[in-house]
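Below is one structure, written out as structure tokens, with a few remarks after it.
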Amino acid sequence: MSTKEEHTNPLRRGALKAAMAGITAAALAGVGALPAALAQNLPMPTSPVTINVVDVAGNLALTQDAMEEYAKKNPKLVAKFNFTKAPSPELPGKLKAMQGAGRSDIDLVLTGTDFLAAGIEQGLLIKLLPDHASKFPGLAGNSSAGVSALIGQDVTTQGLPTKTTSPTDLSIAGNGFFVVAANASATAGQEYTRAGSFKPDENGNLKNVAGLYLLGWQLDSQGNIPTNTSSLSLINVSALAGKAQATANLGIQANLQSSATAVGGYVTGQMTSGAVTPEFQRTINVYDSQGGSQPVTLSFVKTGANTWAYEAGYSGSASNITGSNPIGTGTVTFNSDGTMKNVNGAAPGGFEAICLTSGRNRSTGSDN
């Protein structure tokens with residue numbers, strides 16, 4: 001990226017600026033021709049210069065100390081660095097306006113792929129290598145001289161679960177893959193995926209949008225996995241039937257922000273009644289003994305250092321609940337490193353259980 005120089009000695013500052021800008025653009029296949037000023041050997045500054053650096057990608061966390069150290073060791077070249085930060089989407093338009101006005105307040109841009117794509121499209125960046133390699137000897141061999149972007153899929157990293165309304169959508173917590181087959185044949189080859197959007201086909205076999213069929217183990221009458229774990233079969237939901245079983249346990253993974261402001265004077269029940277706004281809240285459907293869906297809202301609010309109050313409030317019709325609401329309350333405390341210390345004064349073991357019987361909810365007061 002090259003911009004015009006507005007100071008009285010353009011070669012003095014522009015020479016160093018162009019060399020540093022070349023480092024930013026070295027690995028880009030951009031557009032435009034090299035300006036005439038760069039067609040000559042670049043002279044070194046005759047007096048210390050000030051370099052204005054704009055960071056649009058958070059790179060200063062890694063590079064600011066190195067730049068400041070360079071200025072200390074080379075006082076004859078660099079007087080100082082001025083560092084600013086800006087949103088990436090705004091920078092191309094700002095540079096375009098500066099170039100149109102024949103002035104520049106920016107010497108070096110620290111960026112990621114967002115600005116690079118826009119800069120190439122708008123003609124703000126130039127291709128240095130290999131077109132002008134002779135003007136930048138050794139640049140190609142410097143491992144820190146350029147940036148190259150690679151597009152790929154990281155299947156080894158846990159993604160974020162996405163809430164859906166489909167009862168057959170699945171997700172994996174931790175390591176592992178879904179085993180799928182290209183067709184419903186018993187001889188179909190097996191493949192692996194982390195994508196868990198499955199829907200039954202006309203025969204009830206679970207299939208994803210890519211047309212791959214989900215495979216699994218057929219359990220015995222006792223719910224045991226077969227001895228031969230290599231024997232996989234199609235997952236078919238058309239014949240699923242059975243007696244409704246009430247929800248017995250409920251698990252939740254949540255992140256409570258330690259930086260949240262503690263609420264003074266909190267009284268149990270105020271989150272369920274709406275008198276206090278929870279810091280974290282999530283409604284989860286549980287099931288009663290008749291198979292009916294019952295909404296339970298878990299709410300958390302910070303009441304002190306590393307201390308949070310929680311409420312489990314029934315969010316359905318008031319006629320379905322026996323007793324008071326919330327149906328479960330308590331306190332959770334954490335250690336200084338963020339790990340759970342205790343729940344209701346006892347070692348971590350879960351929250352107060354919620355028992356659902358015949359469509360009516362009541363709190364058991366147990367801790368399991």
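Just one of the listed residues (D105, D131, D114) is surrounded by fewer than 17 Cβ atoms within 10 Å (Cβ to Cβ), touching a residue at least 24 places away in the same chain (Cβ under 8 Å), under 17 Å from D55 (Cβ atoms) and over 31 Å from the mean Cα position of the chain (by Cα), namely D105. When both residues are 6+ apart or on different chains and their Cβ atoms are under 7 Å apart, which pairs have a first residue that lies in the range 49-67 and is over 17 Å from D105 (Cβ atoms), and a second that is of a type in the set (F, W, Y)? Going by the 7 Å Cβ cut-off, the qualifying pairs are L60/F83; Q64/F83; M67/F81. Taking the listed residues N325, N236, the one that is assigned by TED's automatic domain parsing to the domain that holds T165, surrounded by 14 or more Cβ atoms within 10 Å (Cβ to Cβ) and in contact with a Gly (Cβ under 6 Å, 6 or more places away or on another chain) is N236, with no other qualifying.
Scanning the range 96-118 for residues that are closer than 22 Å to A61 by Cβ and not hydroxyl-bearing (S, T, Y) yields I106, D107, L108, V109, L110, G112, D114, F115, L116.
Of all residues in the range 193-207, which are assigned to a strand (DSSP E or B) and at pLDDT 90 or above? F198, K199, P200, N205, L206, K207 - these are the residues of the range 193-207 that are assigned to a strand (DSSP E or B) and at pLDDT 90 or above.
In the set (1) within 24 Å of G345 (Cβ to Cβ); (2) not in a helix (DSSP H, G or I), the condition left unmet by I284 is number (1).
Out of the residues in the range 309-324 that are of a type outside the set (G, A, S) and part of a strand (DSSP E or B), which is nearest to the chain's Cα centre (by Cα)? Here the answer is Y310. Hey, any hits in the range 250-257 for a residue that's surrounded by fewer than 10 Cβ atoms within 10 Å (Cβ to Cβ) and either hydroxyl-bearing (S, T, Y) or in the same structural domain as G323 (by TED's automatic domain parsing) (or both)? Checked the range 250-257: no residue is surrounded by fewer than 10 Cβ atoms within 10 Å (Cβ to Cβ) and either hydroxyl-bearing (S, T, Y) or in the same structural domain as G323 (by TED's automatic domain parsing) (or both). Just so you know, in the range 335-352 the residues that are buried (at least 17 other Cβ atoms within 10 Å of the Cβ) and of a type in the set (A, V, I, L, M, F, W, C) include one that is modelled with the lowest pLDDT, and it is F351.
The values are calculated or read from the model by the stated rules, or taken from the named source; none is laboratory data. Everything numeric in this text was worked out from a predicted model, so none of it was measured. Counting neighbours? That spans all protein chains shown, and the Cβs are built from the backbone with ideal geometry, glycine included.
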